[in-house]
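**Student:** Let me begin by handing over the structure; questions about it come next.
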Amino acid sequence: MGLSGMRVWKLLPVSCALLLASCGERAVPSIEIEGPTMGTYYSVKVARPPLGMTTDALKLEVESVLDKVIAEISTYEPTSELSRLNANPGTDWIPISPELHDVIAEGQRIAALSDGAFDITVGPLVNLWGFGPEARPDELPTPEQIQAARERVGWRKLELRASPPALRKVRGDVYIDLSALGEGYGADRVAADLDVRGVADYMVAVAGTIRAKGLNPKGQPWAIAIEEPLPDQRAVHLIVPVSEQAISTSGDYRNFFVKDGKRYSHEIDPATGAPIERKLGSATVVGERAIVVDGLATAFMVLGEQRAPALAASRGIAAYFIVREGDGLRGVASPAFEDYLARSKSE
Ligand code: FAD
């Protein structure tokens, strides 16, 4: 397995060492916190914190927001609202919280946009291949097991109602996995909390998904590095300035296992029931909300190096793809991503 337990960053908040040009300037006061969450890590940086904000108070606040998210949508937490929903074998309407409704609604929107490549009901396959809360079996799943799991999968097997919020499963054994949206959702929730507290300059990262506002302690946009999609080393491929946006990278190079010399990624193609096999090493998306860019980045990985850039171009999505070619890597920017970088440079 590539990783066990904690996941590592695919997007890196860039340090001074990588931004030599900015390092001569005087920094203003800032607070930085980090810690474990959702089987991975979070970090929050606040520049120019409001009067009276302390490191300890910020940590308590951020971790309580993230704990609420876990209590709502974690499949790793048996008592979460989502786990209870998954365990409910009924096919009647089940009342759900507005928060869970909104995350599922976003998942359904991205499923429709990606023609089902992104699918929050893919959980039985994720678990079968050993990427969910259960222990990974020693043997690969059999075609019969894959077929049985596929029968439970399909985003159209869910019906969602907004008012009052409720969900209906077409089959009682449909299982929802919100892992591809959860980090972004967590970053959005922390950002909303910081907004309410009057924080004007922050960067919130939950694993590979980052939401930023305002400027860093040097008075410049926050700088985010996209890594090269290489499993055995860390190298910066591109630095992206982010000021009022969210950015997320999904890839197949950190969370995978190897069996008989073949690599199996945690991103599952619902069309085949198996881990994706793509030349696409990573997909990065920039946009307003972290939940959206988090989900789109996963959707693009599943769509692959041909269909993902085409979808990003047709929908005006700012996306950057790193494609493996022979021994090298090729970066592919969508037109909206090129515009974004050009605008950032001219500001
Ligand atoms: P992303 O690309 O963002 O998402 C990939 C994940 O999405 C896959 O791992 C799979 O779960 C799912 N997926 C695969 N294929 C598809 C598809 N076609 N469509 C939609 N989704 C797909 N992990 C732990 O190990 N321990 C924990 O305690 C834990 N707690 C969590 C709590 C919460 C609230 C959430 C949201 C996640 C938790 N996780 C936990 C999972 C972990 O944090 C990551 O979310 C997961 O590893 C994938 O994130 P990623 O950024 O690596 O990949």
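The values are calculated or read from the model by the stated rules, or taken from the named source; none is laboratory data. This one's a predicted model, so the numbers in the text were calculated from it and none came from an experiment. Note that each Cβ is placed from the backbone with ideal geometry, even for glycine, and that neighbours are counted across all protein chains shown. Quick note on the areas: whole protein, heavy atoms, side chains included, nothing else; ligands and nucleic acids left out. Shrake-Rupley method; radii C 1.70, N 1.55, O 1.52, S 1.80 Å.
**Student:** Might you check whether a residue that is more than 24 Å from W155 (Cα to Cα) and surrounded by fewer than 24 Cβ atoms within 10 Å (Cβ to Cβ) occurs anywhere in the stretch 264-274?
**Tutor:** First, the residues of the stretch 264-274 that are more than 24 Å from W155 (Cα to Cα): none.
Taking every residue of the stretch 264-274 in turn, none turns out to be more than 24 Å from W155 (Cα to Cα) and surrounded by fewer than 24 Cβ atoms within 10 Å (Cβ to Cβ).
**Student:** Cβ-Cβ distance below 6 Å, separation of 6 or more or different chains: which pairs start in the stretch 245-264 with a residue that is more than 20 Å from I224 (Cβ to Cβ) and within 10 Å of the ligand (Cβ to nearest atom) and end on one that is open to solvent by 20 Å² or more (accessible area, probe 1.4 Å) and among the β-branched types (V, I, T)?
**Tutor:** Listed by first residue and then by second, the contacts come to nothing, as the list is empty.
**Student:** Return a yes/no flag: does the stretch 293-300 have any residue that is closer than 27 Å to L125 by Cβ and assigned to a strand (DSSP E or B).
**Tutor:** Start the filter on the stretch 293-300 by keeping residues that are closer than 27 Å to L125 by Cβ, which leaves 293-300.
In the following step, the residues that additionally are assigned to a strand (DSSP E or B) were identified as none.
No - not one qualifying residue is present in the stretch 293-300.
**Student:** As an exercise: evaluate A180 against (1) in contact with a strand residue (DSSP E or B) (Cβ under 6 Å, 6 or more places away or on another chain); (2) open to solvent by 20 Å² or more (accessible area, probe 1.4 Å); (3) assigned to a helix (DSSP H, G or I) and give the number of the one condition it does not meet.
**Tutor:** (1)
**Student:** While we're on this one: When you check E227 against the structure, is it crowded, with 24+ Cβ neighbours inside 10 Å and at pLDDT below 95, yes or no? Break it down stepwise before answering.
**Tutor:** Working: crowded, with 24+ Cβ neighbours inside 10 Å: yes; at pLDDT below 95: yes.
Yes; evaluated as a whole, the condition is true for this residue.
**Student:** How many residues does the stretch 185-209 hold that are among the small types (G, A, S), within 13 Å of the ligand (Cβ to nearest atom) and open to solvent by 10 Å² or more (accessible area, probe 1.4 Å)?
**Tutor:** 0
**Student:** Among what's in the stretch 242-254 and is touching a Leu at 6+ places or on another chain (Cβ under 9 Å) and surrounded by fewer than 23 Cβ atoms within 10 Å (Cβ to Cβ), pick the residue that is farthest from D327 (Cα to Cα).
**Tutor:** Among residues in the stretch 242-254 that are touching a Leu at 6+ places or on another chain (Cβ under 9 Å) and surrounded by fewer than 23 Cβ atoms within 10 Å (Cβ to Cβ), the one farthest from D327 (Cα to Cα) is S243.
**Student:** Kindly evaluate G331 against the criterion of being of a type outside the set (D, E, K, R), open to solvent by 30 Å² or more (accessible area, probe 1.4 Å) and in contact with a strand residue (DSSP E or B) (Cβ under 8 Å, 6 or more places away or on another chain). Break it down into steps so the answer makes sense when it comes.
**Tutor:** On the way: of a type outside the set (D, E, K, R): yes; open to solvent by 30 Å² or more (accessible area, probe 1.4 Å): yes; in contact with a strand residue (DSSP E or B) (Cβ under 8 Å, 6 or more places away or on another chain): yes.
The answer is yes for G331.
**Student:** Show the residue pairs meeting these rules: Cβ distance below 7 Å; 6+ apart or different chains; first residue within the stretch 122-136 and in contact (Cβ under 8 Å) with a residue 24 or more places away in the chain; second residue among the β-branched types (V, I, T) and near the ligand (Cβ under 6 Å from one of its atoms).
**Tutor:** So the pair list comes out as V122/I268; L125/I268; V126/I268; W129/I268; G132/V126.
**Student:** For S344, all conditions in the list (1) open to solvent by 50 Å² or more (accessible area, probe 1.4 Å); (2) closer than 25 Å to D188 by Cβ; (3) in contact with a Pro (Cβ under 8 Å, 6 or more places away or on another chain) hold save one; what is the number of the exception?
**Tutor:** (1)
**Student:** Next question, about the same structure. Within the set of pairs 6+ apart or on separate chains, which have a first residue in the stretch 64-88 that is more than 15 Å from G123 (Cα to Cα) and more than 8 Å from the ligand (Cβ to nearest atom), a second that is of a type in the set (D, E) and not in a loop (DSSP other than H, G, I, E, B), and C-beta atoms under 6 Å apart?
**Tutor:** So the pair list comes out as V65/D193; E81/E72.
**Student:** I need every pair where a residue in the stretch 103-118 that is within 13 Å of I176 (Cβ to Cβ) has its Cβ under 7 Å from the Cβ of a residue that is among the charged types (D, E, K, R), sequence separation at least 6 or different chains.
**Tutor:** Note: pairs meeting the criteria are A111/D119.
**Student:** Moving on to the next point. From the list L296, L238, L311, L230, pick out the single residue that is within 30 Å of V199 (Cα to Cα), over 16 Å from the mean Cα position of the chain (by Cα) and not β-branched (V, I, T). Outline the logic, then answer.
**Tutor:** On the way: L296 fails: over 16 Å from the mean Cα position of the chain (by Cα); L311 fails: within 30 Å of V199 (Cα to Cα); L230 fails: within 30 Å of V199 (Cα to Cα).
Exactly one of L296, L238, L311, L230 is within 30 Å of V199 (Cα to Cα), over 16 Å from the mean Cα position of the chain (by Cα) and not β-branched (V, I, T), namely L238.
**Student:** Same structure, new question: If I filter the stretch 172-183 down to residues being touching a helix residue (DSSP H, G or I) at 6+ places or on another chain (Cβ under 7 Å) and more than 8 Å from the ligand (Cβ to nearest atom), which single residue comes out as farthest from S248 (Cα to Cα)?
**Tutor:** Restricting attention to the stretch 172-183, the residues satisfying the condition of being touching a helix residue (DSSP H, G or I) at 6+ places or on another chain (Cβ under 7 Å) are 174-178, 180-183.
Next, only the ones that are more than 8 Å from the ligand (Cβ to nearest atom) stay: 174-176.
Working: V174: 28, Y175: 25, I176: 22 Å.
Of everything passing the filter in the stretch 172-183, V174 is farthest from S248 (Cα to Cα).
**Student:** Just need a number here: residues in the stretch 98-151 that are more than 10 Å from the ligand (Cβ to nearest atom), acidic (D, E) and open to solvent by less than 20 Å² (accessible area, probe 1.4 Å). Please lay out each step first, then the result.
**Tutor:** Of all residues in the stretch 98-151, those more than 10 Å from the ligand (Cβ to nearest atom) come to 98-102, 104-106, 108-109, 112-113, 115, 124, 128, 130, 134-151.
Now drop any that are not acidic (D, E), which leaves 99, 102, 106, 115, 134, 138-139, 144, 151.
From what is left, the residues that are open to solvent by less than 20 Å² (accessible area, probe 1.4 Å) are 106.
Selection size over the stretch 98-151: 1.
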